[in-house]
Amino acid sequence: MKEIKVRYPMNWQVIISMSMICLLTLWTSIISGDRYRFGNLIISVVCGGIVVFTIIRSNLKPKTLELQQQRMKIGHTYIYATDIKNIFIEGSCIIGVRPRNRKITPLSLTLKIMGTDEVELIIKWAHENKVEIKYRTFMKWL
């Protein structure tokens, strides 16, 4: 059993895109006057909330990922190797664990590995448990 420190990654694409939508809807609200003001305000608040949520989530206390014989434990959740469709590796330290019954990787299973050698341990665990590994970017579900 090996423990690895992980945390949720800072998703810059979400932060930048939601910030742009927030600024554009506020700008449109100022230009258009009263016509679309309430709808634009709601969109701006939702987008701003997503930005704040993403920043807070990435700065939470690190969790532990435990690699065990036939399963992995992320925080308090166990995932068996037979339930994992594939593991995505994005860049050098971001991994995504996609369950068999999902088309998109859940945000709770998208993790940033804190160390450098731990990615190799995850790859070794995946090979031992016959879990497919893909080296590419992957879609995450909000």
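Tabulated data for the structure shown
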quantity: Unique residue being among the β-branched types (Val, Ile, Thr) and either open to solvent by 40 Å² or more (accessible area, probe 1.4 Å) or within 17 Å of Thr105 (Cα to Cα) (or both) when the list is Ile56, Ile4; calculated: Ile56
quantity: Matching option when the condition is of a type in the set (Gly, Ala, Ser), crowded, with 17+ Cβ neighbours inside 10 Å and modelled with pLDDT of 85 or more, among Ser17, Ser29, Ser44; calculated: Ser44
quantity: Filtered residue count, region 103-124, keeping only those that are over 11 Å from the mean Cα position of the chain (by Cα) and within 24 Å of Lys61 (Cβ to Cβ); calculated: 9
quantity: Residue, farthest from Lys2 (Cα to Cα), within region 62-74, restricted to residues that are within 15 Å of the chain's Cα centre (by Cα) and open to solvent by 20 Å² or more (accessible area, probe 1.4 Å); calculated: Pro62
quantity: Test set (1) in contact (Cβ under 8 Å) with a residue 24 or more places away in the chain; (2) more than 18 Å from Trp125 (Cα to Cα); (3) under 20 Å from the mean Cα position of the chain (by Cα) - Gly91 fails condition number; calculated: (1)
quantity: Residues of region 102-120 satisfying the condition of being open to solvent by 90 Å² or more (accessible area, probe 1.4 Å) and either among the β-branched types (Val, Ile, Thr) or touching a residue at least 12 places away in the same chain (Cβ under 8 Å) (or both); calculated: Arg102, Met114, Thr116
quantity: Boolean, Ile84 is at pLDDT 85 or above, exposed (fewer than 15 other Cβ atoms within 10 Å of the Cβ) and hydrophobic (A, V, I, L, M, F, W, C); calculated: no
quantity: Those residues of region 97-123 which are farther than 18 Å from Thr82 by Cβ and in contact with a helix residue (DSSP H, G or I) (Cβ under 6 Å, 6 or more places away or on another chain), in sequence order; calculated: Ile113
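The values are calculated or read from the model by the stated rules, or taken from the named source; none is laboratory data. Quick caveat, the model's predicted, so the values are computed rather than measured. Ideal geometry is used to build each Cβ from the backbone, glycine not excepted, and the neighbour counts take in all protein chains shown. Surface accessibility is based on the protein's heavy atoms, side chains included, excluding ligands, DNA and RNA. Shrake-Rupley method; radii C 1.70, N 1.55, O 1.52, S 1.80 Å.
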